[in-house]
Amino acid sequence: MNTFGCTRRALLVAATATLAIGGQAHADNHQMMDEIHFIVPGGAGGGWDGTARGTGEALTKSGLVGSATYENMSGGGGGVAIAYMIENADSLDNTLMVNSTPIVIRSLTGVFPQSFRDLTLVAGTIGDYAAIVVPADSPIEDMEALLAEYASQGTDFAIGGGSVPGGMDHLVAAMVMQAAGENPTEVNYIPYDAGGEAMAGLLSGEIDALSTGFSEAIALADQDEVRILGVTAPDRVPAYDEAPTFAEQGIDTTFINWRGFFGPPGMEEQQRQQYIETLAAMYDTEAWEEVRARNGWVNIWNPGEDFRSFLEAQEKEIGDLMRTLGFL
């Protein structure tokens, strides 16, 4: 197993060791908080937005929280919302910001000057694996065939994604190809502004394969638009167990895009613990299971200082790969 594979295996072990089992003491679903206001660092309809609104839906439907409100705050790759949380820390009551793996990537690359260390770490709550897909009518049926085609075409073989060079979709493609024995710096990665544009590029033949989130891949596979060649999970995912893992195809790599919640800096520990207990209790509710299953999310529970350890490990893993690729 390569170094990145080892690190990712450690991350996944750490993550799954704390799979959401909390909240049993609160199974009666009595209200634990009056309200939560969610700051979303991107526009409506994206992964951050869906995570915030899905979490708020589960918390309010289950009666754990009285009301939930949402504020979309796009800009700066998420930096505008982070700066807002820091600059207004003293006046932000009952406010959480949702974020995910890009806070690590964009901090490393200097898209914004802050990092997760400048905020109060509440909890990582869910994860979405990544996948490599091809059009449903592609002659490429598995990773062995993709690698054979890659060997034949060389740099003419293009893998696209909905993020910039050095962004998450690119890094996942590089991880997979590196674990398959290829030079990750030679992968011809074609960036698109968003996942929808990347999918259009795949279906129109501009690119040969697409690196994308697993939940997005599931939705497209269900519509018979794509074939999922591999998923970055350690084992097949029940939400779509037809999709093989990379590991079972001899490509020893795993990766998960976590999503979680942060408070403003300087939050009182008592308040942070109240958020943690409320989110832990959410996992035991039918309302949460409905939201989770609908989105194909994986429950991953990293509260407080466990969240910090997880993020520091991911920061090292991603930083090492980005240095290999020449982005740092």
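The values are calculated or read from the model by the stated rules, or taken from the named source; none is laboratory data. Everything numeric here is computed off the predicted structure, so don't read it as measured data. FYI the Cβ positions are ideal-geometry reconstructions off the backbone, even for glycines, and counts take in every protein chain you see.
A few comments on the model shown:
- If you check ASP193, ASP156, ASP118 for being more than 26 Å from PRO234 (Cβ to Cβ), touching a Pro at 6+ places or on another chain (Cβ under 8 Å) and of a type in the set (D, E, K, R), only one passes: ASP118.
- Scanning the range 162-189 for residues that are more than 17 Å from the chain's Cα centre (by Cα) and surrounded by 20 or more Cβ atoms within 10 Å (Cβ to Cβ) turns up MET177, GLN178, ALA179, ALA180, PRO184, VAL187, TYR189.
- Residue in the range 41-72 that is surrounded by the most Cβ atoms within 10 Å (Cβ to Cβ), counting only those that are out of contact with any His (no Cβ under 8 Å at 6 or more places or on another chain) and among the hydroxyl-bearing types (Ser, Thr, Tyr): THR55
- Restricting the range 282-311 to residues that are among the aliphatic types (A, V, I, L, M) and not in a helix (DSSP H, G or I), the residue that is nearest to GLY54 (Cα to Cα): VAL298
- Pairs linking a residue in the range 198-213 that is farther than 18 Å from TYR129 by Cβ to a residue that is of a type in the set (Val, Ile, Thr) and assigned to a loop (DSSP other than H, G, I, E, B), with Cβ atoms under 7 Å and 6 or more positions apart or on different chains, are GLY201/ILE207.
- Checking ILE159, ILE207, ILE126 one by one, the residue that is crowded, with 22+ Cβ neighbours inside 10 Å, aliphatic (A, V, I, L, M), out of contact with any Leu (no Cβ under 6 Å at 6 or more places or on another chain) and in a loop (DSSP other than H, G, I, E, B) is ILE207 and no other.
- Each residue in the range 113-136 was checked for being modelled with pLDDT of 95 or more and among the aromatic types (Phe, Trp, Tyr), and 1 pass.
- For the range 261-305, residues that are farther than 18 Å from ILE36 by Cβ, at pLDDT 95 or above and among the polar types (S, T, N, Q) total 1.
- Selection from the range 247-281 of residues that are farther than 30 Å from ASP142 by Cβ, assigned to a loop (DSSP other than H, G, I, E, B) and either polar (S, T, N, Q) or free of Cβ contacts under 8 Å to residues at least 60 places away in the same chain (or both): GLU268
- Selection of the range 307-328 for residues being crowded, with 18+ Cβ neighbours inside 10 Å and either in contact with a strand residue (DSSP E or B) (Cβ under 6 Å, 6 or more places away or on another chain) or modelled with pLDDT of 95 or more (or both) yields PHE307, PHE310, LEU311, GLU315.
- When the criteria are applied in full, ILE276 meets the requirement of being more than 23 Å from GLY79 (Cα to Cα), assigned by TED's automatic domain parsing to the domain that holds GLY47 and more than 19 Å from the chain's Cα centre (by Cα).
- Odd one out for ASP284 among (1) touching a Ser or Thr at 6+ places or on another chain (Cβ under 9 Å); (2) of a type in the set (Asp, Glu); (3) surrounded by fewer than 18 Cβ atoms within 10 Å (Cβ to Cβ): (3)
- Which numbered condition PRO165 fails, given (1) at pLDDT 95 or above; (2) part of a loop (DSSP other than H, G, I, E, B); (3) not hydroxyl-bearing (Ser, Thr, Tyr): (1)
Per-residue answers, yes or no, for (1) part of a strand (DSSP E or B); (2) more than 30 Å from GLU71 (Cα to Cα); (3) assigned by TED's automatic domain parsing to the domain that holds ASP34; (4) of a type outside the set (S, T, N, Q):
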| site | (1), (2), (3), (4) |
| --- | --- |
| ALA83 | no, no, yes, yes |
| ILE86 | no, no, yes, yes |
| PHE112 | no, no, yes, yes |
| VAL134 | yes, yes, no, yes |
| ASP137 | no, yes, no, yes |
| ASP169 | no, no, no, yes |
| ALA174 | no, yes, no, yes |
| GLN178 | no, yes, no, no |
| ILE190 | yes, yes, no, yes |
